[in-house]
Amino acid sequence: MKYENLGKLLNSLKMEFTSVPDNVALARVTVASMAAQSDLTLNDLEEVKVAVSEAVSNAIIHGYETSPDGQINLEINRYEEFLEIVVQDEGKGIEDVQQAMEPTYSSDPERMGLGFVFMQSFMDGLDVKSEPGRGTLVHMLKKLSK
């Protein structure tokens with residue numbers, strides 16, 4: 001799913017990396033570099049980094065159950081007024097997306113279950129598509145100041 005009518009595309013990046021925990025930091029830095037090309041406040045920049053960290057961590061921990069053999073796709077598109085971020089995996093998927101997005105719900109009892117809560121709070125748009133056995137796509141949108 002793509003958000004429609006986001007305006008003129010100014011920059012775009014697509015990358016694929018393995019599902020190892022070290023790549024959470026790689027995703028954060030990459031998104032921060034792209035987001036820093038706009039006029040985001042430091043607070044907004046930090047929120048974007050947290051949202052991306054949560055999406056990538058979910059793919060690693062829940063999608064691939066910490067197996068380093070999975071692939072995660074990250075797409076970042078910077079428009080005049082929006083930053084669009086897509087994190088996609090081909091892991092085990094989510095049976096009930098609505099339930100997974102509820103505060104404190106986690107399929108892992110050791111986890112707090114706040115990943116989607118942070119994504120919803122820190123981003124201006126969040127759409128999650130998932131199919132058991134086929135993976136999850138997390139689509140986030142952040143409004144940029146003009």
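The values are calculated or read from the model by the stated rules, or taken from the named source; none is laboratory data. Computed from a predicted structure; not experimentally measured. Every residue, glycine as well, gets a Cβ built from its backbone with ideal geometry; the counts of neighbours run over all protein chains shown.
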Checking the condition loosely packed, with under 13 Cβ neighbours inside 10 Å, aliphatic (A, V, I, L, M) and either on the phi < 0 side of the Ramachandran plot or part of a helix (DSSP H, G or I) (or both), which residue from A32, A25, A55, A59 passes? A25
Determine which single condition G133 fails, assuming it passes every other condition in (1) at pLDDT 90 or above; (2) under 27 Å from L40 (Cα atoms). (2)
Identify all residues within region 62-80 that are of a type in the set (G, A, S) and either in a helix (DSSP H, G or I) or buried (at least 20 other Cβ atoms within 10 Å of the Cβ) (or both); write none if there are none. G63, G70
Counting only residues that are small (G, A, S), under 23 Å from E90 (Cα atoms) and touching a residue at least 60 places away in the same chain (Cβ under 8 Å), region 19-73 contains a total of 6
Tell me, please, whether a residue that is among the hydrophobic types (A, V, I, L, M, F, W, C) and within 15 Å of V128 (Cα to Cα) can be found in region 1-20. yes
For residues in region 2-36 being over 12 Å from I76 (Cα atoms) and of a type in the set (S, T, N, Q), which is modelled with the lowest pLDDT? N5
